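Here is the structure we will look at.
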Amino acid sequence: MSFYETVFIARPDLTEAQVTGLIETFSKVITDQKGKITKTEYWGLRTLAYRINKSRKGHYVLLESDAPSDAVIEMERLLHLHEDIMRSLTTRLDELTEGPSCVMDKSGDDREDRKPRYNKDDKKTDKKEAA
Amino acid sequence: MSAADAPTVSRPFFRRKKTCPFAGANAPKIDWKDTKLLSRYISERGKMIPSRITAVSQKKQRELARAVKNARYMALIPYVNMEIDTGGGYQGRR
């Protein structure tokens, strides 16, 4: 058993309920093989730095687990096969992290910790790009 | 032309010896999810800044490189920042 951290990006046209469904299905893969999910984080619908599969946004989900490698390999395989998952990455951790990850600390958006006056402009330009 | 491109050359014969920003007790942990931390070691274009400028130790620079690559793969930071992209933009294969 070792510690792993998996982040995957789901298609932006999914609803939040569908994303939680995805989290459950992939968590189950781990728990079925005697692994433990130690942390689940939903980062929300974030803007991607570049387009993936023609979409500019994606639902980010982080799963941290203490699991045997077979379970993680199986989950990775299923992640790659799943149509709603655009991308996934699993890394090995030396130790489990405590508290929310740095992405959550900054309340989802990587710019919200900056001066508030920039906020309005940022959101405007975001909308323009999306339209 | 002297070595004027160094960040702090206010006085010619005095250059403070820089230490690795990831050394010491309360140094930040390198995490590929921390885009704010990574952005300090990345140029505006999206390229990594050499360690001779940022004074990151070799060991940490390798760790940092890994983190940057992971962050790029997960679309947290761009591979190439075209800034104002007009038409087309980054035509990557990924």
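The values are calculated or read from the model by the stated rules, or taken from the named source; none is laboratory data. Predicted model, so just to flag it, every value in this text is computed and none were measured. Methodologically, a virtual Cβ is constructed for each residue, glycine included, from the backbone with ideal geometry; neighbour enumeration extends over all protein chains shown.
Here are a few things to note about the model shown:
- Breaking point among (1) hydroxyl-bearing (Ser, Thr, Tyr); (2) modelled with pLDDT of 90 or more; (3) under 25 Å from residue A:88 (Cα atoms), for residue B:90: (2)
- Note on region A:1-88: enclosed strands (runs of 3 or more DSSP E) holding 1 or more residues that are without any contact (Cβ under 8 Å) to a residue 12 or more places away in the chain and among the aliphatic types (A, V, I, L, M) are A:36-52.
- Applying the condition of being among the hydroxyl-bearing types (Ser, Thr, Tyr) and surrounded by 13 or more Cβ atoms within 10 Å (Cβ to Cβ) to region B:14-59 and asking which residue is nearest to residue A:103 (Cα to Cα) yields B:35.
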